[in-house]
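Here the structure comes first, spelled out in structure tokens, and everything after it is commentary.
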Amino acid sequence: MPWDALANSALAIALAMLALWLLSLALRNASIVDIWWGPGIALGGCVAWLSAGAAHPRGVLLVALCALWALRLGGYLGWRNTGHGEDPRYQAMRRYWGKRFPLISLATVFTFQGVLQWIVSLPVQVGAAAPGGAALGALDALGALVFAFGLAFESIGDAQLASFKADPANRGRVMDRGLWRYTRHPNYFGDAVAHWGLFLVALSTPHGWLTALSPALMTFLLLRVSGVALLERSIGKRRPEYAEYQRRTSAFFPLPPKP
């Protein structure tokens, strides 16, 4: 196990989060941490790869795939959030904690997300920093294909939703077209699939199986914590039609809609 590379990755993520926290204080906007979620994960993998000096094809593949995913997600969230101020979640925290919010946000938002970034980036860290120069094989190809499917699925889902919201005629309506006809959260499903793809590539390395924690944790977070569960607690109140949409449409895995 490339422990030095993993330690350097953790340090890089920690320093980046500290700098981001200081910037959030100056901007009075903790939402910037969400934009950094993907790039922070890519940072962890890239630092581990560079620290180990592993120039084998698998390392290049993993870092490239993760960077592509991170740039897409970070760019999309940056475009979506620009000009909308601080996310209501952080505004509520700011009101509740008052003057204690800066330190509370450092611990519960920035540090916590930094730890999650390090865990989620483990397949890239371990796979890219593993010694050896073996040629890419069938498992690497399968992982890359699974990743590509997930990335395409979440990208198309995000693009379809953005186009739907851009039409004033759809204000207050429920998006149930395109991929959203088959799953209520195609962006979250695609995101989870992409992380399982990275894991499959890392699985070709000696300790790759240990990194299954990463996609498992990511899937759990998307289903039960920050994704599906969090969003659906409030969306029904804002869109009365959503209850019927929930009845006929799968929450996560794409399935034919119920009649």
message: Of everything in segment 42-76, what is out of contact with any Ser or Thr (no Cβ under 7 Å at 6 or more places or on another chain), surrounded by fewer than 19 Cβ atoms within 10 Å (Cβ to Cβ) and farther than 15 Å from ALA130 by Cβ? Give them in sequence order.
response: ALA64, ALA67, LEU68, LEU71, GLY75, TYR76
- prompt: Does any residue of segment 26-39 turn out to be of a type in the set (Gly, Ala, Ser), touching a residue at least 40 places away in the same chain (Cβ under 8 Å) and over 16 Å from CYS66 (Cα atoms)?
  reply: yes
query: ILE32 versus (1) exposed (fewer than 14 other Cβ atoms within 10 Å of the Cβ); (2) modelled with pLDDT of 95 or more: which is the lone unmet condition?
result: (1)
- request: Quickly run through segment 120-143 and pick out the residues that are more than 14 Å from CYS66 (Cβ to Cβ) and under 20 Å from the mean Cα position of the chain (by Cα).
  value: none
task: Could you look through segment 49-74, keep only residues that are of a type in the set (Gly, Ala, Ser) and at pLDDT below 95, and pick out the one that is nearest to TYR188 (Cα to Cα)?
output: GLY59
query: Being surrounded by fewer than 17 Cβ atoms within 10 Å (Cβ to Cβ), assigned to a helix (DSSP H, G or I) and either hydrophobic (A, V, I, L, M, F, W, C) or in the same structural domain as ALA152 (by TED's automatic domain parsing) (or both), is that true of even one residue in segment 197-211?
result: yes
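The values are calculated or read from the model by the stated rules, or taken from the named source; none is laboratory data. Just so it is clear, the structure is predicted and the values come from calculations on it, not from any experiment. FYI the Cβ positions are ideal-geometry reconstructions off the backbone, even for glycines, and counts take in every protein chain you see.
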